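S.K.: Here's a structure for you.
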Amino acid sequence: MPRLVKNEAIVECHRQFLPKDSDLTAVQNRTDVVPLSLWVSQTEALSALGVDGVWVDSDETLDALTDTLSQLALLAIHFPAFVDGRGFSLGRLARERHQFSGELRAFGYVLQDQAHFLRRCGFDAMDFRQGTDLNSAIESLADFTEHYQASVDQPRPLFRRRT
Amino acid sequence: MYVYDSYDHHIVRERVAQFRRQTERYLAGDLTDEEFLPLRLQNGLYIQRVAPMLRIAVPYGLLSSRQLRKLAHITREYDKGYAHFTTRQNLQLNWPQLEDVPDILAELAEVEMHAIQTSGNCIRNVTSDQFAGVAPDEITDPRPYCEIIRQWSTFHPEFAFLPRKFKIAVCGSAQDRAAILVHDIGLQLVVNDAGETGFRVYVGGGLGRTPVIGSLIREFLPEQHLLTYLEAILRTYNLLGRRDNKFKARIKILVKATGPEEFAKKVEAEWAHVRDGETTLTQTEIERAKSFFTLPQYQADAAADLTALKAEHKAFARWIERNVKDHKRPGYKAVILSLKPTGVAPGDVTDTQLEAIADIADQYSFGEVRATHEQNVVLADVREADLFEVWQKAKTHGFATPNIGTLTDMICCPGGDFCSLANAKSIPIAEAIQRRFEDMDYLYDLGDLTLNISGCMNACGHHHVGHIGILGVDKKGEEFYQVQLGGSASNDASLGTVLGPSFGRDDVPDVIQKILDVYVERRLQEELFLDTYRRIGVQPFKERIYAKAS
Ligand code: SF4
């Protein structure tokens with residue numbers, strides 16, 4: 001079971017992530033996390049099965065999810081490489097533009113050094129690369145305790161808060 | 001200049017602590033080389049050919065005397081007693097030890113300095129005009145906006161892992177001294193007919209292996225929308241910029257592929273969502289930023305008649321002519337300290353020179369200086385009555401070479417002597433040219449001329465936009481040099497045209513001589529090199545240089 005950091009705690013995750021080209025027959029369990037394309041093409045069937053987790057790759061957009069995002073409990077964004085920063089924008093868009101309020105998870109190749117950026121972009125769950133000391137990663141969430149910019153965790157930029 | 005408050009100090013201190021832990025984890029083997037690479041780059045740390053290199057941020061080129069003294073101390077304690085001003089107004093240390101870097105950063109933090117985002121695929125240190133606030137042709141002082149951009153871009157959570165590096169330059173005057181057309185984003189301050197301040201926005205300029213002049217995507221962006229609009233551009237680029245090929249990852253490639261108009265539409269569509277949000281600048285914030293860049297205590301008795309001194313000291317007269325620039329304020333001048341004496345790598349300064357600059361600045365220019373992208377240092381507010389003394393001090397410390405704007409005021413990257421990406425050395429080429437063209441009368445007769453040298457296609461020496469550009473190339477393991485003519489980084493920005501086959505190192509001074517000969521023979525009256533070139537084209541130069549030996 002992968003262990004991840006969620007809201008400053010270490011939790012185990014029992015969900016299965018289905019590969020990108022999966023079809024409906026691959027779905028075994030309502031906790032399965034389905035790829036975006038499957039969700040988009042089979043929303044009704046998957047909803048009927050009780051599926052509530054979707055993962056999105058870094059080169060995909062959230063546009064096709066606009067109408068159904070509110071049904072999801074989990075939106076997972078894939079980071080194929082830790083230097084692929086598209087996921088940070090996707091996270092912010094999910095929260096700020098689509099008002100997604102479920103679990104927003106970063107998975108793939110994610111470094112603890114990115115933890116505070118991820119949190120700022122709206123991620124509340126992070127599946128770090130293998131071998132990460134998760135307690136140390138939790139500390140990294142607080143690498144910075146003050147920020148100049150507005151973002152998901154602090155919608156007011158520093159210049160509106162400076163005293 | 002800007003002064004940190006408790007928030008700024010807090011953020012920089014947290015950065016020092018974070019980097020200390022990262023370095024420890026790396027040395028303990030918890031971070032791989034590949035993982036540590038982008039993390040250290042975002043802190044300006046390269047592992048170079050011979051040693052690590054640390055690039056220290058000098059936000060839009062401004063330095064106080066206190067900072068200069070700290071830098072002198074750092075070069076002495078942690079390095080070999082010298083540092084290098086870069087073509088992006090930053091300062092580089094060539095020989096620090098990796099283990100010492102956290103301590104160096106802690107020392108820098110004491111004087112409100114850091115190495116944040118001086119490298120890596122993130123928003124880099126914003127650059128501007130070295131004469132900001134004092135230039136007679138200034139429309140609006142760009143520094144407050146640079147500071148606003150600096151803060152916004154520092155640890156921006158969404159844009160720390162962009163497809164490629166990202167450079168923003170701001171120009172506040174009629175003449176562009178910040179080369180905004182060759183930046184990822186170029187911002188030109190303008191005042192519209194209604195008297196409102198705003199920006200003309202250019203995107204997609206850049207040098208490197210595919211040099212491009214930026215495209216105008218917005219004629220007028222009201223100042224309060226600066227950050228939301230930048231955010232819209234960056235988000236568009238972050239999501240759509242290519243990540244499959246590092247040579248096609250800069251925003252210029254995206255803008256070219258989509259077309260500037262289409263790209264502008266995408267930005268506007270993104271902006272429609274974020275404009276008027278919390279990131280919209282408040283008048284209070286703009287005023288706060290401006291409050292750090294007020295006029296110094298100018299004196300009424302600063303003016304002086306220097307005619308007699310100039311007649312008596314020919315060298316002083318020359319220095320005034322080349323190294324001293326006009327100032328907004330009557331009685332004041334801006335002085336350029338030349339870091340290009342013959343025999344020293346362009347932009348290099350020793351620890352004692354840094355201290356000398358600090359002393360001169362304290363005594364004659366309100367304790368502040370500016371680094372220029374031409375790799376010199378400017379004292380922005382010198383009384384005319386002090387010019388003679390300043391000249392004497394500059395001379396004592398080796399800064400008085402009266403060559404500003406001439407052929408020997410070259411821009412030159414560190415090249416093969418230091419840089420692991422280099423195809424060829426650049427510093428020895430600069431030196432050979434300086435040695436060949438030491439006759440000041442000849443240089444003055446040639447007039448304004450820029451010669452830029454890069455050791456490889458990455459173009460850190462801006463060779464595409466030099467009137468004469470030299471590029472180091474590798475031919476079967478041997479170092480050769482390609483020569484280009486006709487580049488410019490100013491308002492009339494243009495990219496140089498390659499002259500033809502490249503030359504061996506020893507031939508370069510002769511080639512330059514032939515180029516200059518053609519110019520001198522063909523120029524009309526006071527015509528400058530660039531204008532002659534534009535009028536007659538590359539052909540006459542080609543013919544002279546590649547003429548068969550008879
Ligand atoms: S132009 Fe090339 S050789 Fe010169 S500093 Fe840049 S990367 Fe190094």
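S.K.: Starting from a Cα-only point model with no solvent, please compute log10 I(q)/I(0) by Debye for segment B:134-290 at q = 0.10, 0.13, 0.18 1/Å.
M.R.: -0.34, -0.58, -1.13
S.K.: Let me check the size of segment B:1-56 from its C-alpha atoms; what are the radius of gyration and Dmax in Å?
M.R.: 13.5, 41
S.K.: Convex hull over the Cα atoms of the protein assembly as shown, averaged projected area in nm²?
M.R.: 33.4
S.K.: Oh, and also: On the principal axes of its Cα set, how long, how wide and how thick is segment A:35-124? Give whole Å, largest value first.
M.R.: Taking max minus min along each principal axis of the Cα atoms, segment A:35-124 gives 39, 22, 20 Å.
S.K.: Can you give the FRET efficiency to the nearest 0.05 for A:E12 and B:T294, using r as the Cβ-Cβ distance and R₀ = 56 Å?
M.R.: After rounding, the FRET efficiency stands at 0.45.
S.K.: Name the residue from A:L141, A:A26, A:L46 whose Cα lies farthest towards the positive end of the charge dipole of segment A:3-161, charges +1 on Cβ of Lys and Arg and -1 on Cβ of Asp and Glu.
M.R.: It is A:L141, whose Cα lies furthest towards the positive end.
S.K.: Could you state, as a whole-number percent, how many of the C-alpha pairs of segment B:276-434 are farther apart than 20 Å?
M.R.: For segment B:276-434, the share of Cα pairs beyond 20 Å comes to 57 percent.
S.K.: May I ask you to derive the relative contact order of chain B, considering only C-alpha pairs under 8 Å and at least 6 residues apart, and to give it as an integer percent?
M.R.: 12
S.K.: In debye to the nearest 20, how big a dipole does segment B:134-290 give about its Cα centre with +1 on each Lys and Arg Cβ and -1 on each Asp and Glu Cβ?
M.R.: Rounded to the nearest 20 debye, it is 1120 debye.
S.K.: Let me ask you something else. Between A:A48 and B:A17, take the C-beta separation as r, use R0 = 60 Å, and let me know the FRET efficiency to the nearest 0.05.
M.R.: Working from the Cβ atoms, E equals 0.75.
S.K.: Based on Cβ point charges of +1 for Lys and Arg and -1 for Asp and Glu, what charge dipole magnitude is obtained for segment A:1-53 about its Cα centre, in debye rounded to the nearest 20?
M.R.: 160
S.K.: Once every DSSP H run of n ≥ 4 in chain A is given -39500 (n - 2.57) and the sum is divided by its residues, what mean residue ellipticity at 222 nm do you get, rounded to the nearest 500 deg cm²/dmol?
M.R.: Here the helix-only value at 222 nm equals -5000 deg cm²/dmol.
S.K.: Step by step: find N for segment B:235-278, compute 2.2 N^0.38 Å, then divide the Cα radius of gyration by it. What's the final number?
M.R.: Here the Cα radius of gyration is 1.26 times the empirical estimate.
S.K.: Counting only other chains, what is the mean number of Cβ atoms within 10 angstrom of the Cβ of each residue in peptide B:237-246?
M.R.: Shielding by partners across B:237-246 averages 3.
S.K.: Tell me the volume per residue, in Å³, of the convex hull enclosing the alpha carbons of segment B:222-335.
M.R.: In segment B:222-335, the Cα hull volume divided by residue count equals 196 Å³.
S.K.: Can you give the three extents of the C-alpha atoms in segment B:165-219 along their principal axes, from longest to shortest, in whole Å?
M.R.: Answer, in whole Å and largest first: 41, 21, 16 Å.
S.K.: Enter the accessible area per residue of segment A:3-161 (Å², integer; probe 1.4 Å; all protein chains in place).
M.R.: 41
S.K.: Using a basic spin-label model with each label point 7 Å from the Cα along Cα→Cβ, how many nm lie between B:D441 and B:H313?
M.R.: The modelled label-to-label distance comes out at 2.2 nm.
S.K.: Could you give me the radius of gyration and the Dmax of segment B:307-396, taking only the C-alpha atoms into account and expressing both in angstrom?
M.R.: 12.7, 36
S.K.: If the label point is 7 Å along Cα→Cβ of A:S22, which residues in segment A:107-129 have backbone nitrogen under 16 Å from it?
M.R.: Residues A:107-108 fall inside that zone.
S.K.: Let me ask something additional. Using DSSP loop states and a limit of at most 15 other Cβ atoms within 10 Å to flag chymotrypsin sites (Phe, Trp or Tyr not before Pro), what is the longest stretch of chain B containing no flagged site?
M.R.: Excluding the exposed sites themselves, the longest stretch runs over B:5-291.
S.K.: Just to confirm the filter: which GluC sites (Glu not before Pro) across segment B:383-489 are DSSP coil and have at most 15 other Cβ within 10 angstrom of their Cβ?
M.R.: Here the GluC sites (Glu not before Pro) that fit, given the DSSP loop and packing criteria, are B:E438.
S.K.: Which order do the peptides A:124-133, B:184-193 take when ranked by the mean count of other beta-carbon atoms within 10 Å per residue, highest first?
M.R.: Those peptides, ordered most packed to least, come out B:184-193, A:124-133.
S.K.: Please report, in debye to the nearest 20, how large the charge dipole of segment B:307-396 is about its Cα centre when each Lys and Arg carries +1 at its beta carbon and each Asp and Glu carries -1 there. Show your work: numbers first, answer last.
M.R.: Details: 13 positive and 14 negative charges, 95 e Å.
It works out to roughly 460 debye.
S.K.: Suppose each label sits 7 Å from its Cα in the direction of the beta carbon; what would the B:T210-B:E262 distance come out to in nanometres?
M.R.: 1.4
S.K.: Give me the compactness ratio for segment A:24-70, meaning the Cα radius of gyration over 2.2 N^0.38 Å.
M.R.: Computed over Cα atoms of segment A:24-70, the ratio equals 1.06.
S.K.: Select from segment B:415-511 those trypsin sites (Lys or Arg not before Pro) which occupy a DSSP coil region and have at most 12 other Cβ atoms within 10 Å, ordered by residue number.
M.R.: Listed in order of number, the matching sites are B:K476.
S.K.: Fully extended, how many nm does the chain gain between B:E389 and B:R66 (0.36 nm per residue separation, minus their Cα-Cα distance)?
M.R.: Net length gain for the segment: 114.1 nm.
S.K.: So what's the back-of-envelope 222 nm ellipticity for chain B, counting only DSSP H runs of four-plus at -39500 (n - 2.57) apiece and dividing by all residues, rounded to 500? Provide the component values of the computation, followed by the final result.
M.R.: Values: 18 runs with 199 residues, N = 550.
Helix-only estimate at 222 nm: -11000 deg cm²/dmol.
S.K.: Give the list, by residue number, of cysteines in chain B with no other Cys Cβ closer than 4.7 Å, or say none.
M.R.: Within chain B, the cysteines lacking a partner Cβ under 4.7 Å are B:C122, B:C146, B:C171, B:C412, B:C419, B:C456.
S.K.: Per the 1.4 Å probe, what fraction of the accessible area of segment B:412-521, in percent, lies on carbon and sulfur atoms?
M.R.: 50
S.K.: Take every Cα pair under 8 Å in segment B:411-546 that's 6+ residues apart, average their separations, divide by the length, and report that relative contact order as a whole percent.
M.R.: It rounds to 19 percent for segment B:411-546.
S.K.: Against the empirical 2.2 N^0.38 Å scaling, what ratio does the C-alpha Rg of segment B:411-537 come to?
M.R.: 1.02
S.K.: From the Cα gyration tensor of chain B, with a ≥ b ≥ c the square roots of its eigenvalues, which class applies: rounded if a/c is under 1.5, or else prolate if a/b is larger than b/c, or else oblate?
M.R.: rounded
S.K.: Looking only at Cα atoms, what is the convex hull volume of segment B:356-470 per residue, in Å³?
M.R.: Numbers: hull volume 14.1 nm³, N = 115.
Dividing the Cα hull volume of segment B:356-470 by its residue count gives 122 Å³.
S.K.: Separate question: May I ask you to derive the relative contact order of segment B:197-277, considering only C-alpha pairs under 8 Å and at least 6 residues apart, and to give it as an integer percent?
M.R.: With pairs under 8 Å counted, the relative contact order is 33 percent.
S.K.: At 4 °C and a viscosity of 1.567 mPa s, what translational diffusion coefficient does Stokes-Einstein give for segment A:91-163, taking Rh as the Kirkwood radius over Cα pairs? Give it in µm²/s as a whole number.
M.R.: D, rounded to a whole number, is 100 µm²/s.
S.K.: Name the residue from B:P52, B:S420, B:F263 whose Cα lies farthest towards the positive end of the charge dipole of the protein assembly as shown, charges +1 on Cβ of Lys and Arg and -1 on Cβ of Asp and Glu.
M.R.: Farthest along the dipole direction, towards plus: B:S420.
S.K.: Right, something else. Could you pull the Rg and Dmax for segment B:16-126, using just the Cα atoms, both in Å?
M.R.: Here Rg and the maximum Cα pair distance are 13.2, 40 Å.
S.K.: Using 1/(1 + (r/R0)^6) with R0 = 30 angstrom and r between the beta carbons of A:H98 and B:N192, what's the FRET efficiency to the nearest 0.05?
M.R.: Step by step, r from the Cβ atoms, then E = 0.25.
S.K.: Let me ask something else about it. With the dipole of segment B:124-227 worked out from charges on the C-beta (+1 for Lys and Arg, -1 for Asp and Glu) around the Cα centre, which of B:S215, B:F199, B:Q188 lies farthest toward the positive end?
M.R.: B:S215
S.K.: While we're looking at this one, here's another question. Taking the Cα-to-Cβ direction at A:D63 and at B:F220 and moving 7 Å from each Cα, how far apart do the two end points lie in nm?
M.R.: Result: 3.2 nm between the two label points.
S.K.: Also, I was wondering about something else. Using only the alpha carbons of segment A:3-161, what is the convex hull's orientation-averaged projected area in square nanometres?
M.R.: Details: hull surface 37.0 nm².
Directional mean of the projected Cα hull area for segment A:3-161 stands at 9.2 nm².
S.K.: Using modelled amide H (1.01 Å from N, peptide plane; none on Pro or chain starts), what sits under 5 Å from the amide H of A:F17, excluding residues fewer than 5 places away?
M.R.: Correct list: A:V33.
The values are calculated or read from the model by the stated rules, or taken from the named source; none is laboratory data. What you see is a predicted model; the values in this text were computed from it and never measured. In this analysis, Cβ positions are derived from the backbone assuming ideal geometry, glycine residues included, and neighbour counts consider all displayed protein chains. Note: areas computed on protein heavy atoms with side chains; ligands, DNA, RNA excluded. Shrake-Rupley method; radii C 1.70, N 1.55, O 1.52, S 1.80 Å.
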